[in-house]
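What follows is a single structure, written as structure tokens, with notes after it.
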Amino acid sequence: MKKAEIVIVGGGPAGITAAVTARRHYPDKKVLLIRNAEKSIVPCGIPYMFGTLKDPTQNINPDSMLLSRGIDLIIDQVNSVDRKAKKVFLEKGEEITYEKLILATGSIPKPPEIPGINLDNVYLVKKEWKYLLNLRRAIETSEKIVIIGGGFVGVEIAEEIKIHHRKDVSIVEVLPYPLYNSFDETFCFEAAQELEAMGIKFYTDVKVERIIGTNGKVKEVELSDGTVLPADLVIVSIGVAPLVDLAKSIGLEIGPLGGILADRTMTTSDPDIFVCGDCAEKFSFFNGRPVPVKLASVAATEARIAGANLYSKRRAILGTIGVFSTKIGKKVFAVAGLTERHAEEEGFEVIVGETSAPNRHPSVLPGVQDVHVILIFDKHTETLLGGEVSGGESVAELINLISACLLHRMTATNMAAFQMGTHPMLTSSPGGYPLVVAAELAVVQKYS
């Protein structure tokens, strides 16, 4: 029988971050990570395995991240846990005792209930090494590719296939625009323009009725409006579900959206078992209600909280903000918190500041690109509720700044007096810095 004071189940971003955090905070404890996959895939990098990464085997988290820190690694399947005896039982027969257990079992794709979903050359976006390599080969040998789902992953895969393989690519999305779950219409329209410029076709406000095959292999996709799309390959990207079979089998409490319930310290209904990542139930920063956000960045935050709190409560999560970014064509799109539409759906009365400014000053300098910012505030308290940004690559860090403003519940008046550092070759001008101007316009709107 093997002994480890701290055992982590799961080898994705949450599991790795939890293990490293536990090692930092409790250096005298033996830390062991167990995962069931031979390689740990970088989930956010999956779309880029199909184009940008010429060698898709590079999209891995190296085991040296663990081993160099003295964290032990076992590759095996956890079959069961005895909570009373504090034992983990592995598929190959090994038993491991623990003092503290962290579950970071992740998520799995949700297969839609569509006739024909099991035909050959219909793929989900699984975090499985050999499966993804097979999907890459299928992309290379197909000409007409239909992607079901116009969220971040679907859009990113579509771009990779179009740019690097020159295939005929169509996106089918049940909502009015691609990325509509994450952005307001203004930014969705900008993203749609970038997709169209690349030659990617999209069909919105429709659902897939059935996938049609010949001799067991996909041939066409029929939509609810009667449109029939020829397809040599179908890729389904409509979201994921928390992987909680192990948690359920040992009697841990499960939340209303199917994730493992935990308090703000990431402690489950068992005080010696913690949870982090996609398998954990998420609660909104803004109203405390369950939210279906599944992001590696959120997983890593939860993991740093779980790993630090194992033997003493040192941190707490304030709720899930939800910070997304992606690059489509020549533009970066990013969002943090609530969009205007989502804020109003949650019952907030809002004021909105919107502005655009070049990311260089003067605007004739090389590399200039407009930065478009929308900030959403509570009308009564002026508290920031969310922000949306598009522009050059600096947008990916600007949205993280907006997230920090959200986390500290800054107001429009606070942000209008924000002190920033600027440089002609790096940022917008100090007088026209878009974050500050958007906040100022919201303040003026309140009093007009």
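Evaluated against (1) farther than 16 Å from Ala306 by Cβ; (2) at pLDDT 95 or above; (3) in a loop (DSSP other than H, G, I, E, B), Lys29 falls short on exactly one condition, (1).
For the residues Leu257, Leu246, Leu229, Leu295, the requirement of being of a type outside the set (Val, Ile, Thr) and not assigned by TED's automatic domain parsing to the domain that holds Tyr26 singles out Leu229. Reported count of residues in the range 44-93, each being farther than 19 Å from Pro13 by Cβ, exposed (fewer than 12 other Cβ atoms within 10 Å of the Cβ) and modelled with pLDDT of 95 or more, is 6.
Name the single residue, out of those in the range 32-43 being farther than 17 Å from Leu243 by Cα and modelled with pLDDT of 95 or more, that is surrounded by the fewest Cβ atoms within 10 Å (Cβ to Cβ).
At the first step, the residues of the range 32-43 found to be farther than 17 Å from Leu243 by Cα are 32-33, 38-39, 42.
Those still in the list that are modelled with pLDDT of 95 or more too: 32-33, 42.
Working: Leu32: 21, Leu33: 27, Val42: 17.
In this case the residue turns out to be Val42.
Before we move on, is Glu143 farther than 14 Å from Val236 by Cβ, in the same structural domain as Val228 (by TED's automatic domain parsing) and in contact with a Lys or Arg (Cβ under 7 Å, 6 or more places away or on another chain)? Before you say what the answer is, go through the steps one by one.
Working: farther than 14 Å from Val236 by Cβ: yes; in the same structural domain as Val228 (by TED's automatic domain parsing): yes; in contact with a Lys or Arg (Cβ under 7 Å, 6 or more places away or on another chain): yes.
Taking the combined requirement at face value, the residue satisfies it.
Among the residues making up the range 384-394, those that are crowded, with 23+ Cβ neighbours inside 10 Å and closer than 18 Å to Met420 by Cβ are Leu384, Gly387, Val389, Gly391.
What are the residues in the range 3-17 that are touching a strand residue (DSSP E or B) at 6+ places or on another chain (Cβ under 9 Å), farther than 19 Å from Gln77 by Cβ and assigned to a helix (DSSP H, G or I), if any? Full working, then the answer.
So in the range 3-17, the residues touching a strand residue (DSSP E or B) at 6+ places or on another chain (Cβ under 9 Å) come out as 3-16.
Then keep just the ones that are farther than 19 Å from Gln77 by Cβ; that gives 3, 5-6, 13.
Of everything in the range 3-17, just one residue is touching a strand residue (DSSP E or B) at 6+ places or on another chain (Cβ under 9 Å), farther than 19 Å from Gln77 by Cβ and assigned to a helix (DSSP H, G or I), namely Pro13.
Suppose the filter is within 22 Å of the chain's Cα centre (by Cα) and polar (S, T, N, Q); does Ser107 pass it?
On the way: within 22 Å of the chain's Cα centre (by Cα): yes; polar (S, T, N, Q): yes.
When the stated conditions are applied, Ser107 passes them.
Go through the residues of the range 391-403 one by one and say whether even a single one is under 23 Å from Val298 (Cα atoms), at pLDDT below 95 and assigned to a loop (DSSP other than H, G, I, E, B). Among the residues of the range 391-403, at least one is under 23 Å from Val298 (Cα atoms), at pLDDT below 95 and assigned to a loop (DSSP other than H, G, I, E, B), which makes the answer yes. Every listed requirement among (1) touching a helix residue (DSSP H, G or I) at 6+ places or on another chain (Cβ under 6 Å); (2) under 19 Å from Gly255 (Cα atoms); (3) not assigned by TED's automatic domain parsing to the domain that holds Lys29 is met by Ala303 save one, (3).
For every residue, the table says whether it meets (1) touching a residue at least 60 places away in the same chain (Cβ under 8 Å); (2) of a type in the set (S, T, N, Q).
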position: Val275; (1), (2): yes, no
position: Phe283; (1), (2): no, no
position: Phe286; (1), (2): yes, no
position: Pro290; (1), (2): no, no
position: Lys330; (1), (2): yes, no
position: Leu338; (1), (2): no, no
position: Ser356; (1), (2): yes, yes
position: Pro366; (1), (2): no, no
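Yes/no matrix, rows are residues, columns are (1) buried (at least 16 other Cβ atoms within 10 Å of the Cβ); (2) closer than 28 Å to Asn118 by Cβ; (3) charged (D, E, K, R):
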| site | (1), (2), (3) |
| --- | --- |
| Arg166 | no, no, yes |
| Val169 | yes, yes, no |
| Glu220 | yes, yes, yes |
| Leu223 | yes, yes, no |
| Ile238 | yes, yes, no |
| Lys248 | no, yes, yes |
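Of all the numbered requirements in (1) buried (at least 18 other Cβ atoms within 10 Å of the Cβ); (2) of a type in the set (D, E, K, R); (3) closer than 14 Å to Ile328 by Cα, Asp232 misses one, and that requirement is (3).
The values are calculated or read from the model by the stated rules, or taken from the named source; none is laboratory data. From a predicted model like this one, the values you see are computed outputs, not experimental measurements. Here Cβ is always computed from backbone atoms with ideal geometry, including for glycine, and neighbour counts include all displayed protein chains.
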